[in-house]
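Asker: Sharing a structure, written as structure tokens. Questions coming.
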Amino acid sequence: MGHVNVRNYSMNSELHKEKRSRLALVGMSGSGKSFWTKKLAAAGWRSVCCDDLIEQRLAARLAADGYSGINGVAAWMGWPSSATYGQREAEYLAEEIGVMDEFLSNLDKDSGDAPIVLDTTGSVIYAQNNILMRLRRQMTVVHLANTEQEQRMLVDRYLNDPKPVLWRGTFHVKDQETPGETVARCYPLLIGARRKSYETLAHCAVRVSELRAKHASDSENNAADVERFLQKIREQVEHT
């Protein structure tokens with residue numbers, strides 16, 4: 001199994017006000033990172049999507065094989081048992097590290113007070129330790145945690161709508177096993193392998209299943225959802 005490159009980071013006793021308005025969402029693909037990023041963006045937050053930035057960096061290589069878009073990135077990487085997967089997994093991770101390095105360098109120079117949310121990839125935990133330490137230092141890292149029932153849904157989402165996944169040695173094909181059966185068996189192993197790393201990296205965890213508001217209009221619903229989301233974060237950060 002691939003080593004998850006995360007150290008035991010020390011927790012700061014206080015998070016500066018500036019840092020509280022800079023959120024980095026981490027978690028498995030399909031856990032709700034993009035969903036909550038879009039909600040915060042609708043509430044006026046500046047949003048940055050790592051998937052989009054990585055795709056841009058890979059654009060020429062994707063186009064050479066006739067691919068485009070985030071699903072095209074998954075198709076370009078190929079099945080984990082394919083001959084080219086290992087090399088392309090490494091290329092993807094290198095571009096992800098580049099995206100994170102550039103973003104954090106720009107953020108360090110940003111003296112503005114506008115709130116910002118970073119939609120990371122599920123594989124951000126495999127970035128270099130210096131990247132992860134900078135991420136924790138410059139932003140409040142929020143783990144979007146899922147229940148066991150929701151984790152089963154993540155497997156179905158991957159099978160129905162594949163996104164780029166760094167398997168890091170957790171994908172092992174058995175004899176006479178279909179690709180779908182292999183994913184159904186191995187994806188929960190990947191979730192388990194990553195869970196501790198997300199928990200270690202994050203300042204707090206939010207169970208998104210607990211954050212559902214019902215109001216008369218979409219705008220009211222979004223405002224209420226965002227406020228409850230931010231309140232959950234504030235409660236945990238202040239308690240810590």
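Asker: Here is a check on your reading of the model: is Pro115 in contact with a Gly (Cβ under 8 Å, 6 or more places away or on another chain) and not basic (Lys, Arg)? Working first, answer last.
Answerer: On the way: in contact with a Gly (Cβ under 8 Å, 6 or more places away or on another chain): yes; not basic (Lys, Arg): yes.
Yes; evaluated as a whole, the condition is true for this residue.
Asker: Could you say whether any residue in region 184-194 is closer than 16 Å to Glu96 by Cβ and out of contact with any strand residue (DSSP E or B) (no Cβ under 9 Å at 6 or more places or on another chain)? Outline the logic, then answer.
Answerer: Here is the first cut: in region 184-194, the residues closer than 16 Å to Glu96 by Cβ are 194.
From the residues that got through so far, the ones that are out of contact with any strand residue (DSSP E or B) (no Cβ under 9 Å at 6 or more places or on another chain) too are 194.
Yes, region 184-194 has at least one match.
Asker: Filter region 61-108 down to residues that are touching a Gly at 6+ places or on another chain (Cβ under 7 Å) and of a type in the set (Ser, Thr, Tyr) and give me whichever is nearest to Val48 (Cα to Cα).
Answerer: Tyr85
Asker: Something else about it: Which condition number in (1) surrounded by 12 or more Cβ atoms within 10 Å (Cβ to Cβ); (2) at positive phi is the one that Gln176 fails?
Answerer: With respect to (1) surrounded by 12 or more Cβ atoms within 10 Å (Cβ to Cβ); (2) at positive phi, Gln176 is out only on (1).
Asker: Restricted to region 102-125, and to residues that are assigned to a helix (DSSP H, G or I) and touching a helix residue (DSSP H, G or I) at 6+ places or on another chain (Cβ under 6 Å), which residue is surrounded by the most Cβ atoms within 10 Å (Cβ to Cβ)?
Answerer: Among them, the one singled out is Ile125.
Asker: Between Thr178, Thr140, Thr147, Thr120, which is over 29 Å from Arg46 (Cβ atoms) and either at pLDDT 90 or above or touching a strand residue (DSSP E or B) at 6+ places or on another chain (Cβ under 8 Å) (or both)?
Answerer: Thr147
Asker: Follow-up question, since we're still on this one. If I ask for residues that are under 19 Å from Asn130 (Cα atoms) and either at pLDDT below 95 or in a loop (DSSP other than H, G, I, E, B) (or both), which ones from region 201-215 would you list?
Answerer: Answer for region 201-215, where residues must be under 19 Å from Asn130 (Cα atoms) and either at pLDDT below 95 or in a loop (DSSP other than H, G, I, E, B) (or both): Ala202, His203.
The values are calculated or read from the model by the stated rules, or taken from the named source; none is laboratory data. What you are looking at is a predicted structure, and each value in this text was computed from that prediction instead of being measured. No Cβ is skipped: glycine too gets one built from the backbone with ideal geometry, and neighbour counts run over all protein chains shown.
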